[in-house]
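Reading through the structure tokens given below for one structure.
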Amino acid sequence: MQPRLAFLLIVPLSLSLTACGGGTVDSTFTPTAAETTTSSSPSTTEPATTFAIGFPVTVETDAGPVTVEGPPQAIVSISPTSTEVLFAIGAGNQVVAVDDQSNFPPEAPVTDLTGFSSSAESIAAYDPDLVFLSFDPGDLVSGLNALGIPVVVHGAATSLDDAYVQIEQAGALTGHQDEANMLVETIRTQIDALASRLPSREEPLTYYHELDNTYYSLTSSTFVGELYGRLGLANIADPADADGFGYPQLSEEFIIEQDPDLIFLADTKCCAQDAATVASRPGWDELTAVQMGRVIELDDDVASRWGPRISVLLSEIAEAIEAVPSSTG
């Protein structure tokens, strides 16, 4: 199995082995407005950020409760989504190291740390006072906790609400609660705006979302599937997921028989797929989506993360829907 696909399937599975996804912020936490002052030089010995917020803070995450006694100044993120969230809420100056898959934003301090094989010692070498993980590959959380380092496990979101909670928790733990709340509200507003501008249809358009070129897909029960559903699309993979796992492997015959109105490729980077390679597959040139030019090439990273670029993915989906005449479907 390809490393990328293994990650896509392992992370949702890990959620079923831990506490409920997302978690909640401790009800006793009532922060005041965060005031931030950014240092002009990364080499200064003064803290990069100062805060006016109530600490200590406790949140309930996938790996249990996490408490930080004061504003963290050396954050390590072994999660591309958490990295994006931290920078989006203004906590970027507090991040000292991120994993090798955290390729956005460009200023993120990428290292050779990895979510699959990094040890507690390799992470501790950066002297962090807070670590973000997307899943625990074994005993990493317990190893870091044994070193006195608090760890936040924000597993793959299974819903928009999960994603919102994770953003809010990141804000609470880093002293950027107001910015986190604003980001969540912005995403909510953008989703509502996109959904409201789409034309009404007698029958919903159907779609196929491709995770890799062996035809793994996802269903409406997944986070990304919910996003498609918010924009009124019907998922052809839903009836093929008998065990309810959320990530069925479809057959070419099934996809051709379903003849989706739209095809979304989330394997343009990992597997070099595009509209031309799809059209060259045996029998696929007869599909409506191929003939009508409705094969949409997504950025794999944007389409697999549940952070601040949700609206980017939704905008691409909305544009594809709008390009289909409203009489279709």
Residue match in segment 159-178 (condition: under 30 Å from Val295 (Cα atoms) and either among the hydrophobic types (A, V, I, L, M, F, W, C) or touching a Pro at 6+ places or on another chain (Cβ under 8 Å) (or both)): yes
Of all residues making up segment 57-83, the number that are of a type in the set (D, E, K, R) and assigned to a loop (DSSP other than H, G, I, E, B): 2
For Val184: the one exception among (1) touching a helix residue (DSSP H, G or I) at 6+ places or on another chain (Cβ under 6 Å); (2) loosely packed, with under 15 Cβ neighbours inside 10 Å; (3) not in a loop (DSSP other than H, G, I, E, B): (2)
Pair list, Cβ under 7 Å, 6 or more apart: segment 285-310 residue under 21 Å from Asp162 (Cα atoms), other residue assigned to a loop (DSSP other than H, G, I, E, B) and among the acidic types (Asp, Glu): Asp300/Asp267
Failed condition for Arg201, given (1) among the charged types (D, E, K, R); (2) crowded, with 18+ Cβ neighbours inside 10 Å; (3) more than 25 Å from Asp162 (Cα to Cα): (2)
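Can you tell me which residues in segment 197-210 are among the hydroxyl-bearing types (Ser, Thr, Tyr) and in a strand (DSSP E or B)?
Scanning segment 197-210 gives Thr206, Tyr207, Tyr208.
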Among the residues listed as Leu250, Leu287, the single one being surrounded by 22 or more Cβ atoms within 10 Å (Cβ to Cβ) and within 17 Å of Asn235 (Cα to Cα): Leu287
Unique residue being closer than 18 Å to Ser304 by Cα and either assigned to a helix (DSSP H, G or I) or in the same structural domain as Gly229 (by TED's automatic domain parsing) (or both) when the list is Leu144, Leu86: Leu86
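For segment 117-136, what are the residues that are exposed (fewer than 14 other Cβ atoms within 10 Å of the Cβ) and part of a loop (DSSP other than H, G, I, E, B)? Please lay out each step first, then the result.
To start, the set of residues in segment 117-136 that are exposed (fewer than 14 other Cβ atoms within 10 Å of the Cβ) comprises 117, 121, 125, 127.
The answer is Ser117, Ala125, Asp127.
For the structure I just gave you, tell me whether Glu84 is buried (at least 16 other Cβ atoms within 10 Å of the Cβ) and modelled with pLDDT of 95 or more.
In short, yes.
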Test: residue in segment 180-197 that is in contact (Cβ under 8 Å) with a residue 12 or more places away in the chain and acidic (Asp, Glu): no
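The values are calculated or read from the model by the stated rules, or taken from the named source; none is laboratory data. What you see is a predicted model, and the numbers here were worked out from it, not measured in a lab. So basically every Cβ, Gly included, is an ideal-geometry build from the backbone, and we count neighbours across all protein chains shown.
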